[in-house]
Amino acid sequence: STTVQHELKNIKMVFFTRYAIAALKNDGNVVTWGDQNNGGNSNTVQHKLKNIKMICTTDLAFAALTTVVTWGHYSNAIQNQLQNIKMIFSTSCAFAALTTDGNVVTWGSYIGGGVSTHVQNQLQNIKMISSTDEAFAALTNNGHVVPWGHEDWGGNSTAVQNQLQKIQRIFSTKRAFAALTSNENVVTWGRQECGGNSAAVQNQLHNIKMIFSTESAFAALTTDGNVVTWGHKY
């Protein structure tokens, strides 16, 4: 960071892509360094990087929120749509921005969730978005789930779609999702070895209070303080 060392003062938080770093300062300005093509050079948008509230990352790009400012790989395609953004989410190679009126704008790699045109009519009244490494799952205000992205990594929930009703929260590993229903049951989908298949413990997944995850396994905490685990053993 030699070239920007003099700017690295009063830092609030630091964010990383695979090959670059962005430091958010207390005054809302941003300092970047690292690989230029993957977010390390923000010169073209530096004049916009003022009063930044948060920064979201993929492996190869950054997105900063006040109005949304993007730089790095896949960063320019939808800039005119990024208005009234409430929050930004990411996979390893795509972003999804949630607007204040509950709509979703996506950009980045097609296979990683950057293109949502096939589900766009369902992406309304969204309250939260969860992600694996290459898929998104949006939770609507009425408790439905809308997934897209890499089908094997959670982008396709067809096998369990009829169970994805009255969902209160969605959790994820690197390649699978777990949804907690309002009656405290659990629905899973995605790569089986990463927690997408909970059949072996399904009879134990009742009265669930919270779900936690590693990159490839889930742990569910029951209301009486027990723990149920599934996914990769190591």
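In table form, for the structure just shown:
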read-out	value
Enumerated strands (runs of 3 or more DSSP E) restricted to region 177-234, each holding at least 2 residues that are touching a residue at least 12 places away in the same chain (Cβ under 8 Å), aliphatic (A, V, I, L, M) and out of contact with any Lys or Arg (no Cβ under 6 Å at 6 or more places or on another chain)	186-190, 208-213, 217-222
Lone qualifier among V68, V45 - being within 25 Å of D133 (Cα to Cα), surrounded by 14 or more Cβ atoms within 10 Å (Cβ to Cβ) and touching a strand residue (DSSP E or B) at 6+ places or on another chain (Cβ under 8 Å)	V68
Lone unmet requirement of (1) over 16 Å from the mean Cα position of the chain (by Cα); (2) assigned to a loop (DSSP other than H, G, I, E, B); (3) at pLDDT 95 or above for Q168	(2)
Per-region count, region 90-118, residues closer than 26 Å to Q192 by Cβ, of a type in the set (V, I, T) and surrounded by fewer than 17 Cβ atoms within 10 Å (Cβ to Cβ)	0
Residue within region 185-199 that is surrounded by fewer than 22 Cβ atoms within 10 Å (Cβ to Cβ) and of a type in the set (V, I, T) present	no
Hey, T140 touching a His at 6+ places or on another chain (Cβ under 9 Å), among the β-branched types (V, I, T), open to solvent by less than 20 Å² (accessible area, probe 1.4 Å) and at pLDDT 95 or above or not	no
Any hit, region 110-125, residues being part of a strand (DSSP E or B) and over 13 Å from T58 (Cα atoms)	no
Selection from region 1-33 of residues that are open to solvent by 70 Å² or more (accessible area, probe 1.4 Å), touching a residue at least 40 places away in the same chain (Cβ under 8 Å) and either closer than 15 Å to M54 by Cα or assigned to a strand (DSSP E or B) (or both)	M13, F16
Top-ranked residue of region 215-234 - restricted to ones that are polar (S, T, N, Q) and over 12 Å from Q192 (Cα atoms), ranked as nearest to the chain's Cα centre (by Cα)	T229
Residues being more than 15 Å from M128 (Cβ to Cβ), open to solvent by 20 Å² or more (accessible area, probe 1.4 Å) and touching a residue at least 40 places away in the same chain (Cβ under 8 Å) - total across region 154-170	0
Condition check for T173: of a type in the set (S, T, N, Q), farther than 12 Å from K127 by Cβ and crowded, with 23+ Cβ neighbours inside 10 Å	yes
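The values are calculated or read from the model by the stated rules, or taken from the named source; none is laboratory data. Nothing here was measured: the structure is a model prediction, and the numbers come from that model. Glycine also receives a Cβ, built like all others from the backbone with ideal geometry; neighbour counts cover every protein chain displayed. Protein only, heavy atoms only, side chains kept; ligands, DNA and RNA dropped before computing areas. Shrake-Rupley method; radii C 1.70, N 1.55, O 1.52, S 1.80 Å.
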